[in-house]
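Asker: I'd like to ask some things about the structure below.
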Amino acid sequence: MARTLAVILAAGKGTRMRSGTPKVLHKVGGLPMVDHVLAAAKSAGVERAALVVGAGASWATDRASDALSLHVQTEQMGTAHAVLAAREAFTDDIDAIVVLFGDNPLVTAATIDRMVDRVLGGADLAVLAFRTDAPTGYGRLLLDANGHVRAIREERDATEEERAITLCNSGVMAIRAGAPLDALQAIEANNAKGEYYLTDLVAIGAERGFNMVWEEAPLAEVMGVNDRAQLADAEAVFQQRARSRALETATLIAPETVFFSHDTVVGEDVTIEPNVVFGTGVAIGDGARIYAFTHLVDTVVSPGAAIGPFARSRGGTNVGPGAKIGNFVELKNAALATGVKISHLSYIGDAGVGAEANIGAGTITCNYDGVNKHRTEIGAGAFIGSNSALVAPVSIGEGAFVASGSVIVEDVPADALAIARGRQATKPDRSPLKPKP
Ligand code: UD1
Ligand code: CA
């Protein structure tokens, strides 16, 4: 079986991001860019990856594994120099390497697969190109009369005529092990920038008679992120893809107003109204309905449940099958069983709510005493009257009834009625509005 190594370059400083966060850790769809690239390589079936980082890149350590080795490029001396920083990973059992850029988050598994296939199918080198009417800044592919690639010219080293070329280098390159990979050593730094350019491998290959091919990908897939405007562009492409995927099974009334994360799971026959934001860790079950202006993070919405409009849920919440969560309800770390109803204006945090319980408007679980968080347990079928405060830790038994306006500080047994509020005093004819006799 052929073995492929992905070499992911992420040692660049990313100065143009103007950020204290390393460039490749900036997120697209809630996932750091470099992790998008690692995931794409993995789902393309690439067995091993080598991540090239700058000195002191502590963020990379917890990504290392048997399948992912880390390599430090102490000085940023160019993309060829960066690939060679990973040469320890070029073991004898590797048949091909594929070079990917950590700031190129939209590259797909299918494209990586296509590039690797060209090399495993006999090419020495495969270059991934794209076309753009605004090629400034990219390396250009120089083709011969037969359409074969002979060299890649970087912007700074290009002649006026070469700059007019709109066929550009994406940076993705697959290289066969053996002579083509060894040729990396021959790359010199005699160019305008004084760097070791990976792209010079093509001109060397032309001299040495390598079999070199190129493939084309859409611009959206190979877009590099160098500044925050490009980060926003990449996010837009990501969202477009995520919306298309969601539309395979769900109805989105205004897809362009719905925002997904890289891991959002959307079931069948789901309806998502306008202006909904899915943070990370959200799964929506079949037949569920997400009403407008709802914000969900780290939440499972079970089949047939409904949430919103204007609802917020986070912190490991599970909304049970058929549950109904209405407007201005906030849920945090709440386990809601089947058929729970919380229709209006409530905060339910660090709580368990049993099946078919009904939580009235304005119910608050007082889960925080200023120092610690405490749990509230509400039994199945319980009824919590409007405007009740449940001071945790506290439990309300199954089928119990809490009168509205109660401040509950003691456990309520199953089937009990609890009333915890000032008694009403009614004084006949004492309304201040009543004219004095
Ligand atoms: C590179 C390509 C160019 C291509 C463009 C596509 C070269 C010489 N040029 O240019 O042909 O059109 O990408 O976006 O390859 N890196 C390191 N160590 C280094 C230098 C770079 O790890 O010493 C990493 C960067 O972190 C980045 C990637 O390599 O992830 C690309 O480097 P960058 O400087 O952005 O290359 P470009 O000038 O964009
Ligand atoms: Ca770049």
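Throughout, read-outs are computed from the coordinates displayed, never taken from laboratory work. As the structure is a computational prediction, the values presented were derived from the model and not from experiment. We place every Cβ from the backbone using ideal geometry, glycine too, and count neighbours over all the protein chains shown.
Asker: Which value results when the Cα radius of gyration for the chain is divided by 2.2 N^0.38 Å? Could you put the intermediate results ahead of the total?
Answerer: Values: Rg = 29.8 Å, N = 437, 2.2 N^0.38 = 22.2 Å.
So the Cα radius of gyration is 1.34 times the expected 2.2 N^0.38 Å.
Asker: Taking the Cα centre of the range 1-146 as the origin and placing charges on Cβ (Lys, Arg +1; Asp, Glu -1), which of Leu142, Leu68, Gly56 is farthest toward the positive end of the dipole?
Answerer: Gly56
Asker: Report the percentage of all Cα-Cα pairs in the range 324-416 whose separation exceeds 15 Å, rounded to a whole percent.
Answerer: Values: 2214 of 4278 pairs.
Summing the P(r) of the range 324-416 above 15 Å gives 52 percent of all pairs.
Asker: For the range 138-289, just the Cα atoms, rotate onto the principal axes and tell me the three extents in Å, largest first.
Answerer: Principal axes ranked by extent give 62, 34, 29 Å for the Cα atoms.
Asker: Could you tell me the largest-minus-smallest coordinate of the C-alpha atoms of the range 290-347 on each of the three principal axes, in descending order and whole angstroms?
Answerer: Its Cα atoms span 22, 19, 17 Å along the three principal axes.
Asker: Using the crude model of +1 on Lys and Arg Cβ and -1 on Asp and Glu Cβ, and no other charge, please compute the dipole size for the range 82-139 relative to its Cα centre, in debye to 20. Show your work: numbers first, answer last.
Answerer: On the way: 4 positive and 9 negative charges, 53 e Å.
Roughly 260 debye for the range 82-139.
Asker: Which whole number of Å³ per residue matches the convex hull of the alpha-carbon atoms in the range 370-437?
Answerer: On the way: hull volume 8.0 nm³, N = 68.
Hull volume normalised by residue count: 118 Å³.
Asker: Now for a separate question. Place a point 7 Å from the Cα of Glu88 along the Cα-to-Cβ direction; which residues of the range 1-31 have their backbone N under 11 Å from it?
Answerer: none
Asker: If you take the Cα atoms of the range 117-210, find Rg, then find the Kirkwood Rh from the mean of 1/r over all pairs, what is Rg/Rh?
Answerer: Rounded to two decimals, Rg/Rh equals 0.95.
Asker: Right, next: Which distance in Å, rounded to a whole number, links the C-alpha centroids of the range 353-387 and the range 277-329?
Answerer: Taking the Cα centre of the range 277-329 as reference, the centre of the range 353-387 is 18 Å away.
Asker: Calculate, in nm to one decimal, what Lys434 and Glu216 gain on full extension: separation in residues at 0.36 nm each, minus their alpha carbon distance. Spell out each step's value before the answer.
Answerer: Numbers: separation 218, 0.36 × 218 = 78.48 nm, distance 8.52 nm.
Computed gain between Lys434 and Glu216 is 70.0 nm.
Asker: Between the range 16-50 and the range 177-250, how far is it from one alpha carbon centroid to the other, in angstrom?
Answerer: Cα centres, the range 16-50 to the range 177-250: 14 Å.
Asker: Per 0.36 nm of contour for each residue apart, how much would the distance between Asp298 and Ala414 grow if the chain were fully extended, relative to their Cα-Cα spacing? Don't jump to the answer; show the numbers that get you there.
Answerer: On the way: separation 116, 0.36 × 116 = 41.76 nm, distance 3.14 nm.
38.6 nm is the gain from fully extending Asp298 to Ala414.
Asker: With respect to the cross-link table entries Lys13/Lys193; Lys27/Lys332; Lys341/Lys373, which display a Cα-Cα separation exceeding 26 Å? Mind showing how you got there, number by number?
Answerer: Numbers: Lys13/Lys193 16 Å; Lys27/Lys332 24 Å; Lys341/Lys373 24 Å.
Pairs exceeding the cut-off: none.
Asker: Given charges of +1 on the Cβ of Lys and Arg and -1 on the Cβ of Asp and Glu, with all other atoms neutral, how large is the dipole of the range 118-203 about its Cα centre, in debye to the nearest 20? Can you show the working numbers first?
Answerer: Values: 9 positive and 13 negative charges, 58 e Å.
Roughly 280 debye for the range 118-203.
Asker: Rg (Å, one decimal) plus Dmax (Å, integer) for the alpha carbons of the range 129-173?
Answerer: In Å, with Rg to one decimal and Dmax whole: 9.6, 26.
Asker: Over the range 226-360, what per residue volume does the convex hull of the Cα atoms give, in whole Å³?
Answerer: Numbers: hull volume 11.7 nm³, N = 135.
Once divided by residue count, the hull of the range 226-360 is 87 Å³.
Asker: When the dipole is taken about the Cα centre of the chain, and only Lys, Arg (+1) and Asp, Glu (-1) are charged at their Cβ, what size is it in debye, to the nearest 20? Spell out each step's value before the answer.
Answerer: Details: 39 positive and 50 negative charges, 435 e Å.
Computed about the Cα centre, the dipole is about 2080 debye.
Asker: Moving on. Put +1 on the Cβ of every Lys and Arg and -1 on every Asp and Glu Cβ in the chain; which of Phe401, Ala254, Ala380 then has its Cα farthest towards the positive end of the dipole?
Answerer: Farthest towards the positive pole: Phe401.
Asker: Right, here's the next one. With Rg and the Kirkwood Rh both taken from Cα atoms, where does Rg over Rh land for the range 1-87? Intermediate values should be presented prior to the final figure.
Answerer: On the way: Rg = 12.9 Å, Rh = 13.4 Å.
We get a ratio of 0.96 for the range 1-87.
Asker: Now, a different point. Please give the net charge around Ala283, taking every other residue with its beta carbon less than 13 angstrom from that of Ala283, where Lys and Arg add +1 and Asp and Glu add -1. It would help to have the intermediate numbers written out before the result.
Answerer: Details: positive: none; negative: Asp263, Glu268, Asp286, Asp298.
Charge balance near Ala283 sits at -4.
Asker: Further question on the same structure: Suppose R0 equals 25 Å. What FRET efficiency, 1/(1 + (r/R0)^6) with r the Cβ-Cβ distance, do Ala229 and Ala254 give to the nearest 0.05? Don't skip to the end; give the middle numbers.
Answerer: On the way: r = 25 Å, r/R0 = 0.99.
With a Förster radius of 25 Å, E is 0.50.
Asker: Next question, about the same structure. Between the range 66-81 and the range 126-158, how far is it from one alpha carbon centroid to the other, in angstrom?
Answerer: 25
Asker: Now a separate question. What is the sum of charges around Gly316, taking Lys and Arg as +1, Asp and Glu as -1, for the other residues whose C-beta is under 9 Å from the C-beta of Gly316? Don't skip to the answer; put the middle values down first.
Answerer: On the way: positive: Arg314, Lys332; negative: Asp298.
The answer is +1.
Asker: When every alpha-carbon pair in the range 63-125 is counted, what percent end up more than 14 Å apart?
Answerer: Numbers: 1330 of 1953 pairs.
Considering the range 63-125, 68 percent of its Cα-Cα pairs are separated by more than 14 Å.
Asker: Wrap a convex hull around the Cα atoms of the range 89-130, take a quarter of its surface area, and give that in square nanometres. The partial results should precede the final answer.
Answerer: Details: hull surface 14.7 nm².
Its Cα hull, projected and averaged over all orientations, spans 3.7 nm².
Asker: Using only alpha carbon pairs under 8 Å that are at least six residues apart, calculate the relative contact order of the range 331-423 and give it in whole percent.
Answerer: On the way: 285 pairs, mean separation 18.9, N = 93.
Relative contact order here is 20 percent.
Asker: On to the next question. Just add up the charged neighbours of Gly54: K/R +1, D/E -1, any other residue whose Cβ is under 14 Å from the Cβ of Gly54. Provide the component values of the computation, followed by the final result.
Answerer: Working: positive: Lys13, Lys23; negative: Glu75, Asp103.
In short, 0.
Asker: Per the helix-only calculation at 222 nm, which mean residue ellipticity applies to the chain, given -39500 (n - 2.57) for every DSSP H run of n ≥ 4 and division by its residues, nearest 500 deg cm²/dmol? Each step should come with its number before you reach the end.
Answerer: Values: 8 runs with 69 residues, N = 437.
Calculated at 222 nm, the ellipticity per residue is -4500 deg cm²/dmol.
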